[in-house]
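Heads up, the thing below is written out as structure tokens.
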Amino acid sequence: MLAFRLFIVGVGLLVGWAVGMLLSSGSVGEGLALVNTLSLMMAGALTGFLLAPRGEKLAGRWLTAFARWYEKLSPRTVAAATFGLIVALLLSVLLGNLLRGLPFYSWVWNVLVTLVLAAFFVSFATQHADAFGAFAFPSVRRKPGSKLLDTNVIIDGRILELARAGFLEGELVVPGFILRELQVLADNADPQKRTRGKRGLGVLEELREIQPIRVEDWDDATLTTVDDKLIRLARDTGGKLLTNDGNLRKIAKLHGLEVLSIHEAAVALKPQIQSGDHLTITITKGGQQQGQGVGYMDDGTMVVVEDGMKYRGKPTRVQVINNVQTNVGRMIFARAEKDGNGDAA
């Protein structure tokens with residue numbers, strides 16, 4: 001950065017000028033003192049110019065480390081540290097008044113007492129930061145109906161079909177730590193994990209074209225696992241958790257959170273009638289192919305029976321061959337049992 005390098009050069013000039021003024025206070029003549037001061041200022045500026053690149057790298061590392069530390073700070077931790085510092089300052093004032101009557105009293109004692117109290121109360125408060133949630137400023141936006149996406153739901157990919165069908169109402173939220181987890185998977189040396197990570201990032205790209213996605217850049221350094229962070233974020237935002245993790249679902253429900261599972265939805269929507277099941281239906285009309293008979297279940301599902309026209313108008317026991325999901329609904333293909341038809345009891 002040019003500004004940083006100019007600052008270092010300016011500091012070198014200032015140091016050279018200070019040293020020159022210090023040396024000129026002796027018995028040196030005025031002309032020689034001026035020459036010495038200018039020379040020292042020039043030497044200081046050149047020294048700063050030489051040290052500026054290395055100082056810039058060092059300052060860049062410090063700033064990066066500070067930025068990472070600052071990003072990990074949670075509002076609860078800041079509120080807890082502030083509260084601890086307030087208590088330490090109040091107690092230091094009280095103890096300072098008591099120490100003032102001692103014969104060996106000095107202002108140094110006040111400083112030492114304040115530092116000791118601050119170190120104790122700030123560290124104690126930050127270790128119990130969860131108790132100071134009421135004092136913290138809200139760090140995330142509360143929006144009713146928002147849904148937090150877990151890593152396994154994103155990699156699963158079925159969320160794309162739900163979004164295309166319009167079943168995902170409300171705002172879709174992807175926490176920043178979930179994106180970082182996907183990035184770590186995508187950069188993993190294990191081919192299987194790398195494939196999963198790349199698939200998850202690809203699903204998010206497609207999902208963003210279907211429905212808006214908001215990235216919630218929130219994190220809490222006190223929480224070590226992704227599941228704990230998801231639960232905390234869901235509690236703070238009031239959103240629903242969208243996950244296929246059974247254990248996470250159970251823990252989230254214990255916290256009183258609403259959990260949506262695509263896997264459970266798929267199981268619930270799984271056809272109740274499978275190949276090999278037996279049904280009793282009444283053939284009412286012919287099918288598209290010769291000899292086919294068509295009947296309907298109580299819920300309106302069409303059943304196509306091979307060579308079923310000969311049983312037209314009679315309750316017939318059939319065996320399911322295939323179950324097909326079409327755009328207009330389910331369609332069941334079946335064949336009559338070997339013994340023909342029988343009246344329903």
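Across segment 103-129, the qualifying residues are those that are part of a loop (DSSP other than H, G, I, E, B) and in contact with a helix residue (DSSP H, G or I) (Cβ under 8 Å, 6 or more places away or on another chain), and the one among them that is nearest to residue 222 (Cα to Cα) is 128. Could you tell me whether residue 154 is under 13 Å from the mean Cα position of the chain (by Cα) and among the hydrophobic types (A, V, I, L, M, F, W, C)? Spelling it out, residue 154 is indeed under 13 Å from the mean Cα position of the chain (by Cα) and among the hydrophobic types (A, V, I, L, M, F, W, C). Just give me the residues in segment 275-296 being open to solvent by less than 80 Å² (accessible area, probe 1.4 Å) and out of contact with any helix residue (DSSP H, G or I) (no Cβ under 6 Å at 6 or more places or on another chain), in sequence order. Within segment 275-296, 275, 276, 277, 279, 280, 281, 282, 284, 287, 292, 294, 295 qualify. The single condition from (1) touching a Ser or Thr at 6+ places or on another chain (Cβ under 9 Å); (2) buried (at least 16 other Cβ atoms within 10 Å of the Cβ) that residue 30 fails is (2). Checked against (1) open to solvent by less than 80 Å² (accessible area, probe 1.4 Å); (2) modelled with pLDDT of 90 or more, residue 199 meets all criteria but (1). Considering 63, 14, the condition of being open to solvent by 70 Å² or more (accessible area, probe 1.4 Å), more than 30 Å from residue 217 (Cβ to Cβ), within 49 Å of the chain's Cα centre (by Cα) and at pLDDT 80 or above is satisfied by 14 alone.
Contact map, segment 38-60: first residue under 15 Å from residue 2 (Cα atoms), second residue not in a helix (DSSP H, G or I), Cβ cut-off under 9 Å, separation 6 or more or different chains; pairs are 56/1; 59/1; 60/1.
Taken as a whole, segment 243-266 holds no residue that is more than 23 Å from the chain's Cα centre (by Cα) and more than 30 Å from residue 229 (Cβ to Cβ). Scan segment 208-219 and give yes if some residue there is assigned to a loop (DSSP other than H, G, I, E, B), open to solvent by 60 Å² or more (accessible area, probe 1.4 Å) and in contact (Cβ under 8 Å) with a residue 24 or more places away in the chain, otherwise no. Looking through segment 208-219, at least one residue is assigned to a loop (DSSP other than H, G, I, E, B), open to solvent by 60 Å² or more (accessible area, probe 1.4 Å) and in contact (Cβ under 8 Å) with a residue 24 or more places away in the chain.
Residues of segment 220-235 that are crowded, with 20+ Cβ neighbours inside 10 Å and touching a residue at least 60 places away in the same chain (Cβ under 8 Å): 220, 230, 233, 234. Scanning segment 91-129 for residues that are without any contact (Cβ under 8 Å) to a residue 40 or more places away in the chain, polar (S, T, N, Q) and closer than 26 Å to residue 80 by Cα turns up 92, 110, 114, 123, 127. Residues in segment 30-55 that are modelled with pLDDT of 80 or more and among the acidic types (Asp, Glu): none.
Hey, could you check segment 98-111 for residues that are surrounded by 13 or more Cβ atoms within 10 Å (Cβ to Cβ) and either among the aliphatic types (A, V, I, L, M) or modelled with pLDDT under 80 (or both) and say which is nearest to the chain's Cα centre (by Cα)?
Result: 99.
The values are calculated or read from the model by the stated rules, or taken from the named source; none is laboratory data. Treat the numbers as computed from the prediction; the structure is a model and nothing was measured. Note that each Cβ is placed from the backbone with ideal geometry, even for glycine, and that neighbours are counted across all protein chains shown. To get the accessible areas, we keep the full protein, side chains included, count just its heavy atoms, and leave off ligands, DNA and RNA. Shrake-Rupley method; radii C 1.70, N 1.55, O 1.52, S 1.80 Å.
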